[in-house]
Every structure is written in C-alpha cells, then in structure tokens.
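S.K.: This is the structure I have questions about; it appears just below.
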Amino acid sequence: EGMAPSQRAPSRPEELCMEWQQQRDAGAGLYNLGNTCFLNSILQCLTYTPPLANYLLSGEHSRLCVQQGFCMMCIMEAHVNEVLHASGSAIKPSAVVSALTRIGEHFKLGTQEDAHEFLRFTVDAMQRACLSGSSDLDSSSQATTVVHQIFGGSLRSRVTCLSCKAISDSYEPILDVLLDIKAAASVTEALEGFVQPEQMDGENCLQCHTCDKRVAASKALTVHDAPKVLTLCLKRFQDLTGRKIEKVVEYAEHLDLRPYTSQTAGEPLLYSLYAVLVHRGDSCHAGHYFCYVKASNGLWYKMDDVSVKRCSINAVCRKQAYLLFYVR
C-alpha cells in the first residue's frame with residue numbers, strides 16, 4: 001500500500017562520501033540580516049552535514065546544472081564554499097535571504113520564522129533543484145537524488161487486526177522524525193514512544209478484509225529505510241498556542257537506531273551527533289535560534305550569528321535541543 005520501499009539508485013562515490021574529505025577549522029559566522037537567526041542556524045547545520053558538504057565542495061552540481069533562474073543547490077554550493085573557505089570571519093548569507101520567498105512563499109524577511117519549517121522548505125527546494133524543477137516524477141525516481149540519498153528514509157505503518165491477526169503494511173517517505181517529548185525525559189524514551197503500538201478501537205476501528213467487519217486493531221510505526229543523515233525534531237511548540245515545552249530532554253553523542261526499525265535483530269545501526277539547534281525563548285513566535293556544530297577537524301563550535309566559539313561535547317549534550325542531526 002502507498003509507497004513501495006525505496007530502491008536506492010547506485011551513486012557515484014563522490015556523491016555520498018560520509019567522512020569529511022578535508023580537515024579544516026570551523027568556517028565563517030553569519031551576519032543577522034534582520035531576524036534571520038532561524039535561517040543562519042539552519043544554514044550552519046546544513047554546512048556541517050558531511051556528505052552534503054563533500055558533494056557541494058566538489059562543484060559537481062553546478063558543473064551539470066541546467067536550471068534556469070532560481071536553483072537552491074547552486075545557492076547552497078556557493079554558500080558552503082564561501083563559509084568553509086572564510087574561517088575566522090563572518091559573511092552575509094545574502095543569496096539565501098534574497099531567495100527566501102522562492103524557498104517558501106509564506107516566508108517574510110524581517111519576521112521570526114520556525115527553524116524546522118525553514119529546514120524542511122530548504123531541503124525540499126534542494127530536492128526540486130536536483131530534479132531540475134520536476135516534482136511530478138514517481139517516488140522511486142525522486143529517491144535517486146543526492147538530497148534524498150542523504151536525508152531520505154521511510155517509515156512503515158503496520159496495522160494488525162486483533163481478531164484474526166491479519167497484517168497490513170504501508171510505507172511513507174520521510175526526511176526527518178518528529179518526536180513527542182511531553183512524557184519523555186530522553187531521546188531514547190521519545191523514540192520508544194514513537195514506535196509504541198497504539199490501539200484502534202471505538203470510532204477508530206479497522207475495516208478488516210479478512211474478518212469482513214469493523215474490528216479493533218493495533219497500529220505501529222517503525223523506521224523502515226534508515227536515512228544516512230537522521231534529523232530528529234523534538235516537538236517543543238504546542239500546536240494551538242505556540243507555547244514552548246521548556247525541559248531538557250537528554251540525548252547522547254552516539255545513537256543506535258536499530259531498536260526502532262522494522263528489523264530489530266541485527267547489527268547496531270550507529271549514528272554520531274554532528275549538529276544541535278537550540279531555541280531560546282518561550283514561544284515559537286519570538287526568541288532566538290543558535291546551534292552547535294562539529295567541524296571537519298573533529299572539534300565542536302557554538303554558532304550564534306557572527307559568533308563562532310569553541311566548546312566541548314559535554315557542553316553540547318546539556319542543551320535544550322530543538323533539532324538534533326546525526327550521521328551514519
């Protein structure tokens with residue numbers, strides 16, 4: 001049902017080199033051009049995503065690009081090259097700010113936007129650029145782009161009839177995982193909650209084709225196709241009010257995703273933390289975004305607009321994280 005599990009197309013080795021190709025110090029800070037801290041912090045997290053940065057630094061996209069006008073991949077390629085070659089200084093992310101309404105038409109310059117939403121629209125714009133503007137290709141073609149090979153994965157939704165035990169599976173492509181943190185003290189607890197089966201009964205009963213009637217069922221989500229880069233969004237902002245859940249949710253430098261996948265038996269599926277985005281403030285409508293990134297030299301830095309400062313992994317792992325970026 002729905003989407004068939006994606007078959008990854010073979011890619012050229014330089015497209016998906018998971019380790020940094022070159023060691024260098026942290027790159028430039030970014031000037032705030034008027035409430036653009038949400039944009040600055042997401043750009044820094046993307047800049048230090050090793051497989052993406054390796055690909056953009058290779059210049060391969062611009063050599064082959066046939067896009068006319070706006071191309072998010074060309075913009076990102078120029079931005080990442082400028083940032084990583086301008087260590088110790090700060091630059092203006094002017095090209096990205098100028099393209100804000102092309103990235104998402106509802107974004108307004110000078111307005112505080114949600115960093116996670118900006119990430120989603122930016123990755124989608126990069127995906128469209130890789131498809132040369134075509135978004136009507138089938139899902140298996142869309143899964144072959146370098147963007148989808150880095151960030152893309154899929155979830156399996158398994159519905160089990162509680163009467164006859166018949167199973168129905170459907171698959172959904174994902175670019176990140178949203179975690180409910182209201183009852184969780186740690187990311188692993190939140191992931192356990194994410195894969196916990198939920199009961200479908202009463203008004204939510206299932207029409208079982210085997211039983212030929214409406215029956216109680218259970219539904220469970222699992223990570224089916226694990227992404228190369230795992231982005232976890234901790235749901236800090238409440239849907240109706242935008243008020244923030246102010247609590248520290250524990251997370252570690254290393255994460256084994258295996259227990260939360262469709263195939264829980266097997267080798268550990270290990271990820272390493274490389275970026276953490278933090279929101280300071282009490283609602284999604286105000287406050288300030290900044291981030292922590294791990295540079296190619298293996299050291300951690302706090303990126304707060306123009307400020308770039310060394311910090312320790314211990315300090316990084318004690319923050320009130322909003323977005324966590326892990327790489328396989």
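S.K.: Give me the pairs: first residue in the range 104-115 and closer than 20 Å to Gly281 by Cβ, second residue of a type in the set (Phe, Trp, Tyr) and open to solvent by 30 Å² or more (accessible area, probe 1.4 Å), beta-carbon distance under 8 Å, and six or more apart or on different chains, which are they?
M.R.: As it stands, the answer is Phe107/Phe121; Asp114/Phe237, since those pairs meet every condition given.
S.K.: If the requirement is being open to solvent by 30 Å² or more (accessible area, probe 1.4 Å) and of a type in the set (S, T, N, Q), which of these qualifies: Thr222, Thr264? Break it down into steps so the answer makes sense when it comes.
M.R.: Details: Thr222 fails: open to solvent by 30 Å² or more (accessible area, probe 1.4 Å).
Testing whether each residue is open to solvent by 30 Å² or more (accessible area, probe 1.4 Å) and of a type in the set (S, T, N, Q) leaves just Thr264.
S.K.: Under 8 Å by Cβ, and 6 or more places apart or on different chains, what pairs join a residue from the range 180-198 that is without any contact (Cβ under 8 Å) to a residue 60 or more places away in the chain and farther than 8 Å from Val249 by Cβ with one that is open to solvent by 50 Å² or more (accessible area, probe 1.4 Å) and of a type in the set (Asp, Glu)?
M.R.: Between residues of the range 180-198 that are without any contact (Cβ under 8 Å) to a residue 60 or more places away in the chain and farther than 8 Å from Val249 by Cβ and residues that are open to solvent by 50 Å² or more (accessible area, probe 1.4 Å) and of a type in the set (Asp, Glu), the close pairs are Ala183/Glu189; Gly193/Asp180.
S.K.: Just a yes or no: is a residue in the range 41-56 closer than 29 Å to Phe237 by Cβ and part of a loop (DSSP other than H, G, I, E, B)?
M.R.: yes
S.K.: Collect the residues in the range 282-298 that are more than 30 Å from Thr241 (Cβ to Cβ), out of contact with any Asp or Glu (no Cβ under 8 Å at 6 or more places or on another chain) and not in a strand (DSSP E or B), keeping them in residue-number order.
M.R.: Here is the first cut: in the range 282-298, the ones more than 30 Å from Thr241 (Cβ to Cβ) are 293-298.
Retained after the next criterion (residues that are out of contact with any Asp or Glu (no Cβ under 8 Å at 6 or more places or on another chain)): 293-294, 296, 298.
Ser296, Gly298 - these are the residues of the range 282-298 that are more than 30 Å from Thr241 (Cβ to Cβ), out of contact with any Asp or Glu (no Cβ under 8 Å at 6 or more places or on another chain) and not in a strand (DSSP E or B).
S.K.: OK, next. How do the pairs read when you match residues in the range 280-308 that are crowded, with 23+ Cβ neighbours inside 10 Å with residues anywhere that are among the hydroxyl-bearing types (Ser, Thr, Tyr) and not in a strand (DSSP E or B), using Cβ under 6 Å and keeping only pairs 6 or more apart or on different chains?
M.R.: Tyr289/Ser41; Cys291/Ser41; Val293/Tyr48
S.K.: Suppose the filter is surrounded by fewer than 18 Cβ atoms within 10 Å (Cβ to Cβ), assigned to a loop (DSSP other than H, G, I, E, B) and out of contact with any His (no Cβ under 9 Å at 6 or more places or on another chain); does Glu105 pass it? Walk me through it before giving the result.
M.R.: Numbers: surrounded by fewer than 18 Cβ atoms within 10 Å (Cβ to Cβ): yes; assigned to a loop (DSSP other than H, G, I, E, B): yes; out of contact with any His (no Cβ under 9 Å at 6 or more places or on another chain): yes.
Answer is yes for this residue.
S.K.: Here is a follow-up. Would you mind telling me which numbered condition in (1) out of contact with any His (no Cβ under 9 Å at 6 or more places or on another chain); (2) surrounded by fewer than 17 Cβ atoms within 10 Å (Cβ to Cβ); (3) among the aliphatic types (A, V, I, L, M) Ala166 fails?
M.R.: (1)
The values are calculated or read from the model by the stated rules, or taken from the named source; none is laboratory data. Everything numeric here is computed off the predicted structure, so don't read it as measured data. Cβ: placed from backbone, ideal geometry, glycine included. Neighbour counts: every protein chain shown. Each accessible area value is taken on the protein alone, full model and side chains, heavy atoms only, with ligands, DNA and RNA left out. Shrake-Rupley method; radii C 1.70, N 1.55, O 1.52, S 1.80 Å.
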